[in-house]
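All remarks here apply to the structure that follows.
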Amino acid sequence: MNRIGTISLLALFVAALNAQALEVRQSPYDKIVELNLFQLHGPPITPGPDPVVTQLPKVTLTGITILERRRAFVTIDGIQSRRAESVTIAEGDTVGGIRVESIDEKAGLVRVLNGSERQILKFEPRKPSGQQFIGVEIINVVLDSNQ
């Protein structure tokens, strides 16, 4: 048989099928799953471990110098050491997990990488120390030599 004869025979066979033969019929066993006679359940979902949150040390900019290389004076309130530590870090260097990426001495900004977090440090205004200043009056005394 040639191709045209095979294709026409196949077309006649598909046309002879009735629509009921092509539909999906329900099986009598499908009701077993619906009724869940044995009270079967999926596996329990257990949550994974909580992500560990690491607390980053607080970094405070205390000064900038441009002698030899650009350097930033910073104070690191250490998590492990429990006390503040003042260090000098050159641009591009890393100390205690703090990496100085760039220093802009004119704007007073230092870009650091603190752990995995990028931070921009700038000078913070000084906090009042609680001390009160006593005002002093200056009195101009003119001495007259005629007396």
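Each value in this text was obtained by applying a stated rule to the coordinates, not by laboratory testing. The structure presented is a predicted model; accordingly, all values stated were derived computationally and were not measured. Please note: Cβ atoms are built from the backbone with ideal geometry, for glycine as well, and neighbour counts cover all protein chains shown.
Quick look at the values:
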{"item": "Over the range 58-122, relative contact order from alpha-carbon pairs under 8 Å, at least 6 apart, %", "result": "24"}
{"item": "Test item: Cα-centred dipole of the range 86-125, Lys/Arg +1 and Asp/Glu -1 on Cβ, debye", "result": "80"}
{"item": "Protection proxy ranking, peptides 33-46, 57-70, average beta carbon neighbours within 10 Å, highest first", "result": "57-70, 33-46"}
